[in-house]
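Visitor: If you scroll down you'll find the structure; I have some questions about it.
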Amino acid sequence: MAKKTIKDVDLKDKKVLVRVDFNVPLKDGVITNDNRIVAALPTIKYVIENGGKAILFSHLGRVKTEEDKAGKSLKPVAERLGELLGKPVAFVSETRGTELETAVNNMKDGDVLVFENTRFEDVDGKKESGNDAELGKYWASLGDVFVNDAFGTAHRAHASNVGIASTGIPTVAGFLMEKEIKFVGEAVTAPKRPFVAILGGAKVSDKIGVIENLISKADKILIGGGMTYTFYKAKGMNIGKSLVEEDKVELAKELIEKAGDKLILPIDSITAAEFSNDVPTEEHTGDVPDGQMGLDIGPESIALFAQALEGAKTVVWNGPMGVFEMSNFANGTIGVCEAIANLADATTIIGGGDSAAAAIQLGFADKFTHISTGGGASLELLEGKELPGLAAINDK
Ligand code: ADP
Ligand code: MG
């Protein structure tokens, strides 16, 4: 995917529109995690260091009604950004209008401005989320060049990404977007082999697209998590009270047949009688007995997966191996994290919100080559889908 990046355009004296992902968690107006602001800094700094005027915008949370706007202003984000950059950041509390236009026109080279939550435009007729052409055109009119650095929304066609780009304004990827395309995108389009995918999480239905796409691309697909038991059922095994999607059993049969030796299922489970960390656990090879539910992969499976990972040059991991949120059922996910951490010379990627959270919570964050910042967007890339936000960036 050869897309133009911010390095391919001249920024000097230019009004640079930058769609960032500032969708940070807020509690009572206070930012509880500023990772996303930090992740946008390389692009913002590059704009100002190269003499551009950085006009930043993002969505924040879900806004459908006037009441939803409360607590969703980007103002605290602009303040935090100012602290991180060590320079003043102007904030304009509207998404269009004379105040915004005047502020933009008064900017000097190297200035930074943030305008209000793009989803405030959804209150009056879903203009942002509905990719209203007039809104995209208006935002595009404020700048000379458009940098899209919001990977997390690249799977959506909104006015603030696709809308602006479709006006024909020069559109390039920011550094974060570039990194995501490089790691997540290339893993599925041009992986170094052997390429091993590890798929887990709760449901088969969430991951069907990924499994189907990776069957033809990966050398091995390791399955864990709750979806294991839909596959077990497809094989005629006993699954006790484990999570199962009855309407996906037939599909699981087809996937097993299609994938052949590539598909590797767990061989044992850690089970309990309840979905709880406070009841005794049991270890079972193969079938899960009646009255028990499988909540993690067992030690034999961890060993099997570690062996399957040996020598891998590309690893994509999406979905925890068990209910890692409870300590009794975290070992499978820890074991897989360890096996991946021990690989020499491999590109290792996490795509998936909960898997990323698990790796960070369990202390493995620095052991991976890349942890994707976009749950939904990375899932769609792994499914082999074209992301509209990405497609709208100019080709090299
Ligand atoms: P991701 O966000 O990484 O794509 P998912 O959202 O698909 O991952 O799945 C994450 C959830 O799956 C976790 O909350 C975890 O507790 C749950 N899970 C994992 N294994 C099981 C299991 N055996 N039974 C029930 N839930 C499970
Ligand atoms: Mg999830």
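The values are calculated or read from the model by the stated rules, or taken from the named source; none is laboratory data. Bear in mind that the values here come from a model prediction, so they are computed numbers and not experimental data. Heads up, the Cβs are rebuilt from the backbone with ideal geometry, glycines too, and the neighbour counts pull from every protein chain shown. For accessibility, only protein heavy atoms count, side chains too; no ligands or nucleic acids. Shrake-Rupley method; radii C 1.70, N 1.55, O 1.52, S 1.80 Å.
Visitor: Where only protein heavy atoms count, and the probe is 1.4 Å, what is the accessible area per residue for region 26-143 in Å²?
Guide: Values: 5620 Å² over 118 residues.
With the other protein chains kept in place, region 26-143 gives 48 Å² per residue.
Visitor: Right, here's the next one. I need the helices of the chain that pass two filters: whole DSSP H segments spanning 20 Å or more by Cα along the axis, and mean Kyte-Doolittle score no lower than -0.5. Walk me through the numbers on the way to the answer.
Guide: Values: long enough: 35-49 (22 Å, 0.69).
Flagged H segments are 35-49.
Visitor: To continue, here is another question. Holding the Cα-Cα limit at 32 Å, pick out from LYS192/LYS385; LYS75/LYS127; LYS7/LYS69 the pairs that are longer than that. Walk me through the numbers on the way to the answer.
Guide: On the way: LYS192/LYS385 20 Å; LYS75/LYS127 21 Å; LYS7/LYS69 36 Å.
From LYS192/LYS385; LYS75/LYS127; LYS7/LYS69, over 32 Å: LYS7/LYS69.
Visitor: Between region 64-132 and region 263-335, how far is it from one alpha carbon centroid to the other, in angstrom?
Guide: 45
Visitor: Suppose every Lys and Arg Cβ carries +1 and every Asp and Glu Cβ carries -1, with no other charges. What dipole size does the chain come out with about its Cα centre, to the nearest 20 debye? Working shown, then result.
Guide: On the way: 44 positive and 58 negative charges, 254 e Å.
So the magnitude is around 1220 debye.
Visitor: Taking the simple approach of a point 7 Å from Cα along Cα-to-Cβ for both LYS235 and ASP290, what is their distance in nm?
Guide: 2.3
Visitor: On to the next question. Tell me the mean residue ellipticity at 222 nm calculated for the chain from its helices only (DSSP H runs of n ≥ 4, each -39500 (n - 2.57), averaged over every residue, nearest 500).
Guide: Working: 14 runs with 128 residues, N = 396.
When only DSSP H runs of four or more count, the value is -9000 deg cm²/dmol.
Visitor: Moving on. Evaluate the distance, in nm, between pseudo-label points positioned 7 Å from the Cα of ILE208 and of GLU250 along their respective Cα→Cβ axes.
Guide: 1.1
Visitor: Now for a different question. What does the charge add up to near ASP290, with Lys and Arg as +1, Asp and Glu as -1, over the other residues with Cβ less than 15 Å from its Cβ? Show your work: numbers first, answer last.
Guide: Values: positive: LYS233, LYS241; negative: GLU274, GLU282, ASP287.
After counting each charged neighbour, the total is -1.
Visitor: Assuming R0 = 35 Å, what is the FRET efficiency of VAL30 and GLU134, from their Cβ-Cβ distance, to the nearest 0.05? Each step should come with its number before you reach the end.
Guide: Details: r = 35 Å, r/R0 = 1.01.
According to the calculation, E is roughly 0.50.
Visitor: Express as a percent, rounded to the nearest 5, the fraction of DSSP beta bridges in region 6-176 (both residues included) that run antiparallel. Show your work: numbers first, answer last.
Guide: Numbers: 2 of 20 bridges.
Antiparallel bridges: around 10 percent, rounded to the nearest 5.
Visitor: Taking only C-alpha pairs under 8 Å that are 6+ residues apart, what is the relative contact order of the chain in percent?
Guide: Numbers: 864 pairs, mean separation 64.2, N = 396.
Result for the chain is 16 percent.
Visitor: Net charge around PHE115, counting only other residues with Cβ within less than 10 Å of its Cβ (Lys, Arg = +1; Asp, Glu = -1)? The partial results should precede the final answer.
Guide: Details: positive: ARG96; negative: GLU94, GLU99, GLU116.
For residues surrounding PHE115, the net value is -2.
Visitor: Counting DSSP beta bridges with both partners in region 184-382, what percentage is antiparallel, nearest 5?
Guide: Numbers: 9 of 27 bridges.
Once the DSSP bridges in region 184-382 are tallied, antiparallel ones form about 35 percent.
Visitor: Just grab the label-to-label distance for GLU274 and LYS313, each label 7 Å out from Cα along the Cβ direction, in nm (one decimal).
Guide: Rounded to a tenth, the inter-label distance reads 5.1 nm.
Visitor: Could you point to the residue in THR171, MET326, ALA259 farthest towards the positive end of the chain's charge dipole, with +1 and -1 charges on the Cβ of Lys/Arg and Asp/Glu respectively?
Guide: The residue sitting farthest along the positive end of the dipole is THR171.
Visitor: Here is a follow-up. Accessible area of THR281, 1.4 Å probe, to the nearest 10 Å²?
Guide: 70
Visitor: Sum up the charges of everything whose Cβ sits under 11 Å from the Cβ of ASN23, counting Lys and Arg as +1 and Asp and Glu as -1, but leave ASN23 out.
Guide: Numbers: positive: ARG36, ARG62, LYS72, ARG119; negative: ASP21.
Overall, the nearby charge balance is +3.
Visitor: Take every DSSP beta bridge with both residues inside the chain and express the antiparallel ones as a percent of the total, to the nearest 5.
Guide: The antiparallel fraction comes to roughly 25 percent.
Visitor: Also, I was wondering about something else. Could you compute how much accessible surface ARG19 exposes when probed at 1.4 Å, giving the result in Å² to the nearest 10?
Guide: 0
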